[in-house]
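Following: one structure in structure tokens, then a few remarks.
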Amino acid sequence: MSLIPSFFGSRRTNILDPFSLEIWDPFKDFPFSSESQSSGSGENSALVNTRVDWKETPEAHVFKADLPGLKKEEVKVEVEDDRVLQISGERKMEKEEKKETWHRVERSSGKFLRRFRLPENAKMDQVKAAMENGVLTVTVPKVEVKKPDVKSIEISG
């Protein structure tokens, strides 16, 4: 066994190899039905792992978060300590299934919280947020910085 992982060669599948590229799942052979793993729990785990993109343009700082299935009432955008933008959300789901001989209620929930310390050029009193098709867009305008006049000086000599 090599001590240096090979990133270009064949993929290793040895569970005892610390550089193996395969992740061992101890429950993969258990007989869980796909019904018991509802799509709601997958959606909630995706919510917990929400990623937020931060892009700086010449006019503003723009944050985008993909929050599929979330309503705007389930999302909060707040400003803390005059410079910290906080984006949070929570989803609670309940799925009920009734048959003749049994009754099942499945509940799941997920939360996320992201904080961003913004630079001094952010206009924190003009933050705008919009949610469209499950994508939250938060726009924080920037203070206009006046560029100094630059004059070219001719070199004599």
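May I ask which of Lys71/Lys99; Lys72/Lys98; Lys55/Lys128; Lys123/Lys146; Lys71/Lys111; Lys71/Lys98 have a Cα-Cα span longer than 21 Å here? Can you show the working numbers first?
Working: Lys71/Lys99 31 Å; Lys72/Lys98 31 Å; Lys55/Lys128 15 Å; Lys123/Lys146 15 Å; Lys71/Lys111 13 Å; Lys71/Lys98 27 Å.
Over 21 Å apart, Cα to Cα: Lys71/Lys99; Lys72/Lys98; Lys71/Lys98.
Could you please put Ile87, Ile155 in sequence from largest to smallest accessible area, using a 1.4 Å probe?
Details: Ile87 0, Ile155 155 Å².
Order by accessible area, largest first: Ile155, Ile87.
Once you put a point 7 Å from the Cα of Ser156 and another 7 Å from the Cα of Val105, both along the Cβ direction, what distance in nm separates them?
9.2 nm
In what order, largest first, do Leu113, Leu70 sit by accessible area if the probe radius is 1.4 Å? It would help to have the intermediate numbers written out before the result.
Values: Leu113 80, Leu70 15 Å².
In descending accessible area the options line up as Leu113, Leu70.
Give the accessible surface of the range 68-121 per residue, rounded to a whole number of Å², with probe radius 1.4 Å and ligands, DNA and RNA excluded. Please list the in-between numbers first.
Numbers: 4080 Å² over 54 residues.
In whole numbers, the range 68-121 has 76 Å² accessible per residue.
What net charge do the residues around Leu113 carry, taking every other residue with its C-beta under 10 Å from that of Leu113, with Lys and Arg at +1 and Asp and Glu at -1?
Values: positive: Lys76, Lys111, Arg114, Arg115; negative: Glu90.
Every neighbour counted, the sum reads +3.
The values are calculated or read from the model by the stated rules, or taken from the named source; none is laboratory data. Quick caveat, the model's predicted, so the values are computed rather than measured. Heads up, the Cβs are rebuilt from the backbone with ideal geometry, glycines too, and the neighbour counts pull from every protein chain shown. What goes into the accessible areas is simple: the full protein's heavy atoms, side chains included, and nothing from ligands, DNA or RNA. Shrake-Rupley method; radii C 1.70, N 1.55, O 1.52, S 1.80 Å.
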